[in-house]
Amino acid sequence: MDTFDQQHIWHAYAKTPSPNANYKVLSADGVYLNLAGDKRVIDGMSSWWSAIHGYNHPVLNKAITTQLAKMAHVMFGGLTHDPAIRLAKTLIEITPDNLTQVFFTDSGSVAVESALKMALQYWHNKGQIDKQKFVTIRGGYHGDTFGAMSVCDPDNGMHHLFSGVLPQHYFVKSPALAPMDEALADLEATLKQHSKNIAAMILEPVVQNAGGMRIYNPQYLTKAKALCKAHDVLFILDEIATGFGRTGELFAFEYTEVEPDILCLGKALTGGYMTLAATLTSVKISSGVGTLMHGPTFMANPLACSVANASIELLLKSNWQDNVARIEQHFHAQLAPLKQHVKVADVRILGAIGIVEMVDEIDAESVQDFLIEQGVWLRPYGKLLYTMPPFTISEQALLTITNAIQLVVNT
Ligand code: PMP
């Protein structure tokens, strides 16, 4: 335990000084985090969805060191470089045909900000200056910056803390919380009444992540896109958490036939090595946008682009579909039966995502300490105990995670 850390450093969604100490990680390899005090734990979180190949991977390490010998960073205004060009080509190749224009940013939240900005600038340049609002489904999460926050769930997001500052948008029923027809009818009614003020719809495809870890019928996406199109509203998909194989498809929108107008990618884009995100759109939208008024200092960082190139190549060459299917089967065998438990409200599984929703709030600190004793790193929040391990995880290590979850439920 590091008292300086506890006294002075602000961690994610935390207080400073902190009432609780953070576990110190000395190194990480494969699916393991090596903690101070000689404790080795299996990372069931993939560092918030991102470390899909595990840690300290020789191929990913080499991509960074090779690029480092050339240059760590250059500005991306007036200059370009091969790692970014190669990555843009790959992203265009593996995403729907209409998406041919790529904007690199340095985090998922900023990818969302730029997506929202693209939509606003597009309509503004078309003379539709009243289209300044967004519509989204409840239960979503899109990041912590102000634009992104304004389209997070209005109840469990941070709206109440920033009311009066956050712009007001339209929230419609989520297909994960209401029957799909009801959710679509709500969207249609909102579009009918307000589409003259709505620039775009934004949502996470198939799995709503940090806003409540809920899964919904992919058909909603096809129907929602059709409604948006009919009402001249752009369709933005946020694949930041779900992209790069996590749900069992390379991208979650591949569960159905839908082409987003704008797509946000991040997290596992670099195999969890470095911070990088991308917002893709069509030439129709980009030409409508004109000059995009955005340009972060560290956009398209060459080290990050290099490791992203290596990570995507590694993923596509691997048998990731088999691995994700194997993890899903394991969750069905080991977690699904917990649904019968009196303390469990629901169990949800898709691809390499396993979610146990408890009836009561979880005491996150004590459950986390208990899980560490079991050799497992998970970060429960609210009523949710969930895991999304690296795809490379062994059966044995998976069993350690699911046994630990069972123990938490049973004690
Ligand atoms: N969108 C989604 C769907 C996310 O899950 C997240 C991160 N949890 C973000 C956006 C924001 O990404 P970042 O934390 O890299 O800013």
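Summary table below
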{"read-out": "In order through region 69-74: 3J(HN,Hα) via Karplus (6.51 cos²θ - 1.76 cosθ + 1.60), integer Hz, x for Gly, Pro", "value": "5, 8, 5, 7, 7, 9"}
{"read-out": "Partners for Lys15 among lysines (Cα-Cα distance below 24 Å; same-chain residues under 8 apart left out)", "value": "Lys24, Lys383"}
{"read-out": "Label-point gap, in nm, between His294 and Ala36 - each point 7 angstrom along Cα→Cβ", "value": "3.8 nm"}
{"read-out": "Mean separation of Cα contacts under 8 Å (6+ apart) over length of region 71-317, as relative contact order %", "value": "30 percent"}
{"read-out": "Kirkwood-based Rg to Rh ratio, region 127-254, C-alpha trace", "value": "0.95"}
{"read-out": "Integer Hz, Karplus 6.51/-1.76/1.60 couplings in order for region 108-123, x for Gly and Pro", "value": "x, 4, 6, 4, 5, 4, 5, 4, 5, 5, 4, 4, 5, 5, 4, 6"}
{"read-out": "Cross-link reach list, aspartates and glutamates versus Lys89, counting only Cα pairs under 15 Å and skipping chain neighbours closer than eight places", "value": "Asp97, Glu313"}
{"read-out": "Cβ crowding within 10 Å averaged over residues, with 118-128, 134-144 ranked highest first", "value": "134-144, 118-128"}
{"read-out": "FRET efficiency, 1/(1 + (r/R0)^6) with R0 51 Å, evaluated for His332 and Lys196 via beta carbons", "value": "0.65"}
{"read-out": "Extent along principal axes [Cα atoms of the chain; Å; largest to smallest]", "value": "62, 55, 44"}
{"read-out": "Heavy-atom accessible surface of region 71-317: percent carbon and sulfur, 1.4 Å", "value": "55 percent"}
{"read-out": "For the chain, accessible area per residue (1.4 Å probe, heavy atoms of protein chains only), Å²", "value": "43 Å²"}
{"read-out": "Qualifying aspartates and glutamates (Cα of each under 15 Å from Cα of Lys126; at least 8 residues distant if same chain)", "value": "Asp232"}
{"read-out": "Of Lys62/Lys317; Lys229/Lys317; Lys131/Lys173, those spanning more than 26 Å from alpha-carbon to alpha-carbon", "value": "Lys229/Lys317"}
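The values are calculated or read from the model by the stated rules, or taken from the named source; none is laboratory data. Since the structure is predicted, the reported quantities are computational estimates derived from the model, not experimental observations. So basically every Cβ, Gly included, is an ideal-geometry build from the backbone, and we count neighbours across all protein chains shown. What goes into the accessible areas is simple: the full protein's heavy atoms, side chains included, and nothing from ligands, DNA or RNA. Shrake-Rupley method; radii C 1.70, N 1.55, O 1.52, S 1.80 Å.
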